Ligand code: ANZ
Ligand code: ZN
């Protein structure tokens, strides 16, 4: 279609929308429209927007635009997650200040977002690197501090030798730095932590409320890692205090044949016999260099040293040798375990390596683990276990726990894998921690009225190079201050906060982005929170989402929020890949978003992103067709251009077959959009376009009012994915901008009635019922209908069902058990 010029349409409408500002969320108290909060994960300003952004924001925009069409008061904000290492590295390279690179990139991305026609409320834009924002990170830190949720502690931390900074456990992926890929080391440092472990149980149980992808919930559940078991006290010969171990299998207590202490735990050092010390210390040396992931790997050769000491099994008085090994972690449970090689694989591997005894205490029916080398963790009957003999594993666990409790030797216990969140970073481009260290007074919080503690402006370039301590330490004028308490000489804390702190509450700040009395206006947050739909990448399944949930709960406890969960519904988009592999600069298989837009136009790129498959699937750009998308948009546009009837023409006088297609499309697309099946919704729009074309070409021409009805419906629906084309169609149809607020069409029930088909329902090969069903009924729905039939139920009697064979829409065959 020579009249369809995507570029001209874009230029024209981008300018018009800027004036219309159709997407500002209303704060008018008289506005009683129900509210919806559509949130997209905010971008990091690393250069211009790329294909991954184009996909994510196209998906998020469908919901926001859909809610707009339904007349909701929609909040759909945007901002930038603008603190972080890349800005600092760029500044070192260019001998500049990180803010230069950061804010230049933000402007570039903001322009691209405008071009990309995302339906943002631009008036709420925020940048986490603005003092007006990070001031409230500091304020929140101080509130956490007052509540005992922020604390400083020495301990072993993950250290990235390349970035010269500590990393949270969550930022270590398979032993490597998530950012740069360097092998992570362990260092002993004093650092700030947030006490997320105090919320472990609530983080777990509140997941029930969430409409999130199951795999994300599972990842969070595993990360929190709740397990139930018992703490059991073992006496150590020659030591006054008993040592407690945590076990999920107290029923196997009689099968403990040795005892293992984490080689890097203080206990190992303390109890090691003098004649073993040299060997132990050499071993510990190697262990300290290992990563947690290596240590936990199941298939690793077991290593360890005998400490020359014995523990006493509290239930039978047996002496068992104490070993030090790396497969027991110092920071989990109590850093020591009772080893039951018959029923725990790692213990068995260790026993076989060092020739330690294996004693079966649960008969599972599997081969003898001592011979097979395969531990038997399953259900079975207890043997060699004194009073527990004859019980099952399941009943023995509470029984032995009770017995231990009675004798004061142990108690039921719950453990979490989750560790406290390490938030200190030895980097410049982040939020300064608002604490002052005074020799006399110790840690002194910066008084609220002195916030924000701004970053010094005179550091740049090489001043920011990593050197193990924070670059802020070099800014003497900034570091040396008066103690707010005693007035004596004191020093500012020089660490900055993990940038995940910034992103843990930005979505609340959007509710009142200019609020100056606190992090957010509590009343406004009450009105908008929680987020109805959050769209973003699955790479944030653990870190960001867990932290944001934690912050929300703390703010709830502080009385500042009404909700305990921030994100009701989560949509994870897949990745955009090329020829089967991830796009990357280094392999040179990068598709440039700007080039794609220049070639096909914004709408065709957006439509391609949406049409390629379900949102959560990856999109292989080699397999999709933006040129096909462009052609479809031209066809849709042409339908509108061919309409010759006047606006408001009575559709009822039009072609009834086309009207049926239109109304069925409305009905289906509505349901498909609600179910996030956007790609199928687009397919329906394409079908409607063809149906309208047929009528136009059949001689009736564009004068049939049913064609107008189809074209208007199409324009409104297309506005969710192809806003420029939709707006242009709307104008061609003689309607007033903006189509984005035209209102979602409703299907007329009379036009949805379809001829029905008779479906035969058989039970064990005999016809038992006949159902009148729509010809396009789904397999699942038909199966449900058949199983609900009274006749089928009585034919089945109390027999169960072995199998149901459904051939929609004609036959259902039920095979009884
Ligand atoms: C004896 C036993 C017998 C165990 C058995 C398991 C099976 P989760 O579920 O992850 O909580 N364990 C305890 N503390 C440990 C530590 N610091 N480092 C490594 N392993 C540790 O795992 C709990 C189980 O992991 C505990 O139960 C303990 O081994 C081990 F047939 O105790 B068990
Ligand atoms: Zn002081």
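General observations
- Tally of residues being under 20 Å from residue 659 (Cβ atoms) and touching a strand residue (DSSP E or B) at 6+ places or on another chain (Cβ under 9 Å) across segment 724-765: 1
- Among the residues of segment 442-458, just one is out of contact with any strand residue (DSSP E or B) (no Cβ under 8 Å at 6 or more places or on another chain), within 16 Å of ligand 2 (Cβ to nearest atom) and assigned to a loop (DSSP other than H, G, I, E, B), namely 447.
- Residue list for segment 293-312, restricted to those being more than 10 Å from ligand 1 (Cβ to nearest atom) and outside any loop (DSSP other than H, G, I, E, B): 293, 294, 304, 305, 306, 307, 308, 309, 310, 311, 312
- Search result, residues across segment 459-489 that are within 25 Å of residue 143 (Cα to Cα) and surrounded by 21 or more Cβ atoms within 10 Å (Cβ to Cβ): 470, 472
- For segment 119-128, a residue qualifies if it is in a loop (DSSP other than H, G, I, E, B) and either under 12 Å from residue 21 (Cα atoms) or over 23 Å from the mean Cα position of the chain (by Cα) (or both), and the qualifying residues are 119, 120, 121.
- Candidates 658, 607, 633, 688, filtered to the one that is closer than 22 Å to residue 536 by Cβ, touching a helix residue (DSSP H, G or I) at 6+ places or on another chain (Cβ under 8 Å) and in a helix (DSSP H, G or I): 607
- Single condition residue 242 does not satisfy, out of (1) away from ligand 1 (no atom under 15 Å from the Cβ); (2) farther than 30 Å from residue 313 by Cα: (2)
- Filtered residue count, segment 407-455, keeping only those that are under 24 Å from residue 90 (Cα atoms) and buried (at least 19 other Cβ atoms within 10 Å of the Cβ): 13
- Of the residues making up segment 201-216, those that are surrounded by fewer than 20 Cβ atoms within 10 Å (Cβ to Cβ) and touching a strand residue (DSSP E or B) at 6+ places or on another chain (Cβ under 9 Å) are 201, 210, 211, 213, 215, 216.
- Only listed residue being closer than 19 Å to residue 357 by Cβ and more than 16 Å from ligand 2 (Cβ to nearest atom), chosen from 297, 311: 311
- Residue that is nearest to the chain's Cα centre (by Cα), among those in segment 610-627 that are assigned to a helix (DSSP H, G or I) and surrounded by 18 or more Cβ atoms within 10 Å (Cβ to Cβ): 610
- Annotation note: Cβ proximity below 7 Å between a residue of segment 386-411 that is in contact (Cβ under 8 Å) with a residue 12 or more places away in the chain and a residue that is surrounded by fewer than 14 Cβ atoms within 10 Å (Cβ to Cβ) and in a helix (DSSP H, G or I) (sequence gap 6+ or interchain) occurs for 411/405.
- Failed item in (1) buried (at least 16 other Cβ atoms within 10 Å of the Cβ); (2) more than 30 Å from residue 269 (Cα to Cα), with residue 346 passing the rest: (2)
- Filter result (part of a strand (DSSP E or B), in contact with a helix residue (DSSP H, G or I) (Cβ under 7 Å, 6 or more places away or on another chain) and within 16 Å of ligand 1 (Cβ to nearest atom)) within segment 385-441: 410, 411, 412
- The sole residue among 436, 397 that is within 16 Å of ligand 2 (Cβ to nearest atom) and either at negative phi or in contact with a strand residue (DSSP E or B) (Cβ under 7 Å, 6 or more places away or on another chain) (or both) is 436.
- Qualifying residue in segment 479-497 (condition: in contact with a helix residue (DSSP H, G or I) (Cβ under 8 Å, 6 or more places away or on another chain) and under 26 Å from residue 201 (Cβ atoms)): yes
For every residue, the table says whether it meets (1) in contact with a strand residue (DSSP E or B) (Cβ under 9 Å, 6 or more places away or on another chain); (2) away from ligand 2 (no atom under 16 Å from the Cβ); (3) assigned to a helix (DSSP H, G or I).
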{"residue": "199", "(1), (2), (3)": "no, yes, yes"}
{"residue": "221", "(1), (2), (3)": "no, yes, yes"}
{"residue": "261", "(1), (2), (3)": "yes, yes, no"}
{"residue": "267", "(1), (2), (3)": "yes, yes, yes"}
{"residue": "276", "(1), (2), (3)": "yes, yes, yes"}
{"residue": "281", "(1), (2), (3)": "no, yes, yes"}
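- In the set (1) within 20 Å of residue 497 (Cα to Cα); (2) assigned to a strand (DSSP E or B), the condition left unmet by residue 180 is number (2).
- Unique match (being more than 13 Å from ligand 1 (Cβ to nearest atom) and surrounded by 20 or more Cβ atoms within 10 Å (Cβ to Cβ)) among 340, 315, 328: 315
- Scanning segment 628-655 for residues that are more than 45 Å from the chain's Cα centre (by Cα) and in contact (Cβ under 8 Å) with a residue 60 or more places away in the chain returns 642, 643, 645, 646, 647.
- Matching residues in segment 252-292 - criterion: being within 13 Å of ligand 1 (Cβ to nearest atom) and within 37 Å of the chain's Cα centre (by Cα): 260, 261, 262, 263, 264, 265, 287, 292
- Residue that is nearest to ligand 2 (Cβ to nearest atom), among those in segment 314-344 that are under 13 Å from residue 304 (Cα atoms) and outside any loop (DSSP other than H, G, I, E, B): 324
- Condition check for residue 216: within 30 Å of residue 159 (Cβ to Cβ) and in a strand (DSSP E or B): no
- If the condition is being under 26 Å from residue 632 (Cβ atoms) and over 25 Å from the mean Cα position of the chain (by Cα), then segment 554-589 contributes only 579.
- Of the residues contained in segment 345-359, none is found to be touching a strand residue (DSSP E or B) at 6+ places or on another chain (Cβ under 8 Å), part of a loop (DSSP other than H, G, I, E, B) and under 18 Å from residue 246 (Cβ atoms).
- Some residue of segment 717-726 being out of contact with any helix residue (DSSP H, G or I) (no Cβ under 8 Å at 6 or more places or on another chain) and on the phi < 0 side of the Ramachandran plot: no
- Verdict on residue 215 being more than 16 Å from ligand 2 (Cβ to nearest atom), in contact with a helix residue (DSSP H, G or I) (Cβ under 9 Å, 6 or more places away or on another chain) and at pLDDT below 95: yes
- Check on residue 319, within 27 Å of residue 403 (Cα to Cα) and at pLDDT 95 or above: yes
The values are calculated or read from the model by the stated rules, or taken from the named source; none is laboratory data. A quick note: this is a predicted structure, and the numbers were derived from the prediction, not measured. Virtual Cβ from ideal backbone geometry, glycine too; neighbours counted across all protein chains shown.
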